[in-house]
Amino acid sequence: MEIGIIGLPNVGKSTLFNSLSRLNVPAENFPFTTIEPNVGIVPLPDERLKKLGELFNPQKLTPTTVKFVDIAGLVKGASVGEGLGNKFLSHIRGVDSIIQVVRLFDAENVVNTIEKCDPEQEIGVIETELILSDLELAISAKEKLAGLMNSGNKEAKIKGEILVTLKNYLDQNKTVKTALKECNIDSKSISEYNFLTNKQLLYVFNINEKTSAEALKKAKDFVKNTKNSDSVEINAQIESELSQLPEEERENFAKELGVESKINVLIKKSNDLLKLIQFYTVVGTEIRAWSIPAGTNVKSAAGKIHTDMEKRFVRAEVYSFKDLAELGSEKALREKGLARIEGKDYQVKDGDIVYIKF
């Protein structure tokens with residue numbers, strides 16, 4: 001599963017991406033530096049994995065990862081081909097969730113596509129382009145169903161009525177997510193269309209030393225109260241500089257600068273945005289974390305490790321990280337009957353430690 005990083009040109013998307021992935025992605029000071037999406041695979045910070053390392057003392061600890069896609073800057077009119085237009089809207093349609101980077105400081109030496117630092121305007125420009133793109137998709141999808149609807153196909157008629165409802169909301173500059181919630185429509189019924197404004201969205205406010213606490217609070221309150229979305233503030237330039245240092249030096253350097261790194265907060269929030277949970281395996285000399293969607297059964301989770309495990313699944317021994325951390329050993333867990341044998345339909349819980357029998 002992937003998270004797309006979007007925003008207007010020159011708001012700090014690629015600088016943030018560099019901080020996350022430590023890849024050398026161009027971040028030049030002019031629009032459309034990023035043309036093809038760049039992909040970064042980022043380890044998920046995991047205190048439970050560290051604790052498992054202390055308890056088992058393995059040779060190798062392998063964290064799970066979060067996948068970020070750096071998508072080129074959108075501009076007003078992208079839905080009708082402005083800038084690099086629909087090419088980038090298609091890149092957004094290909095990701096599972098979205099991070100929008102919003103600049104929260106003025107900088108005379110940075111080219112901007114809007115006249116001044118205005119987070120609400122930035123958010124509005126991007127949202128409008130996504131809405132317009134979804135509106136075009138809803139109209140097109142409805143037209144394609146017309147023949148089946150006219151022939152009396154019940155499924156097509158139901159889907160067509162949903163698309164009309166979505167079109168009406170989009171015409172009012174409202175999102176698909178809003179329409180589904182207010183009209184109590186199951187999102188699975190329109191999953192095939194992959195509407196942009198139905199994706200989970202996290203706002204990242206790119207700040208610097210000139211950003212006032214008042215401006216930051218106003219921006220965070222705006223997205224919380226009007227967009228029903230979470231946010232995190234990050235100094236992308238400082239984070240980019242910190243990411244170049246060895247891990248053991250970053251904390252001290254941040255203290256010298258008088259800043260607090262928020263990059264791990266962003267990675268964790270991104271994982272939550274994808275609605276992923278983590279389970280763990282202890283195999284030989286390696287302890288490894290795995291990410292799966294909440295509600296995944298243990299047989300399918302086994303397939304995440306290896307397809308043969310899913311095909312030849314027999315059962316699983318499962319216990320929770322919480323119980324292990326409290327009791328201190330697998331032996332104590334088993335003595336108390338807290339290690340369970342589960343069948344293929346068991347839904348894996350966040351923090352489960354799983355031994356697959358196959």
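Throughout, read-outs are computed from the coordinates displayed, never taken from laboratory work. Just so we're clear, the structure is a prediction, and the values are computed from it rather than from any experiment. As a convention, Cβ positions derive from the backbone with ideal geometry for all residues, glycine included, and neighbour counts pool all protein chains shown.
Restricting the trypsin sites (Lys or Arg not before Pro) of the stretch 163-240 to loop positions (DSSP other than H, G, I, E, B) with no more than 12 neighbouring Cβ atoms within 10 Å leaves 210. As a length-normalised measure over Cα pairs under 8 Å and 6 or more apart, the relative contact order of the chain settles at 18 percent. For the chain, state what percent of all Cα-Cα pairs lands in each successive 20 Å bin, counting from 0 Å until the bin that includes the largest distance. All Cα pairs considered, the percentages come to 26, 50, 24, 1. Here the Karplus relation 6.51 cos²θ - 1.76 cosθ + 1.60, evaluated at θ = phi - 60°, turns the backbone of the stretch 9-18 into coupling constants of x, 6, 9, x, 4, 5, 5, 5, 4, 4 Hz, with x for every Gly and Pro. Of all lysines in the structure, those lying under 16 Å Cα to Cα from residue 269, and not within fewer than 8 positions of it along the same chain, are 67, 199, 220, 224. Note on residue 171 and residue 194: the extension gain reaches 6.5 nm, defined as 0.36 nm multiplied by sequence separation minus the Cα-Cα distance. I'd like the trypsin sites (Lys or Arg not before Pro) in the stretch 249-313 restricted to DSSP loop residues with at most 15 other Cβ atoms within 10 Å, sorted by number. Those satisfying the criteria are 275, 312.
Shown in residue order for the stretch 328-334 are the 3J(HN,Hα) couplings computed by the Karplus curve 6.51 cos²θ - 1.76 cosθ + 1.60 at θ = phi - 60°: x, 7, 5, 4, 5, 4, 5 Hz (x for Gly and Pro).
The residues 355, 280, when put in order of fewest to most other Cβ atoms within 10 Å, stand as 355, 280. Take every DSSP beta bridge whose two residues both sit in the chain; close to 50 percent of them are antiparallel.
The lysine pair count for the stretch 295-357, using Cα distances under 27 Å and pairs eight or more places apart or on different chains, is 27.
The HN-Hα couplings worked out from phi for the stretch 207-224 by the Karplus form 6.51 cos²θ - 1.76 cosθ + 1.60 (θ = phi - 60°) are 10, 9, 5, 8, 5, 7, 4, 5, 5, 5, 4, 4, 5, 5, 5, 4, 6, 5 Hz, whole numbers, x standing for Gly and Pro. The loop-placed trypsin sites (Lys or Arg not before Pro) in the stretch 115-146, going by DSSP, that have at most 15 neighbouring Cβ atoms within 10 Å of their Cβ come out as 116. Put simply, the C-alpha atoms of the stretch 291-358 give a gyration tensor, and the ellipsoid matching it has half-axes of 22, 13, 9 Å, longest first.
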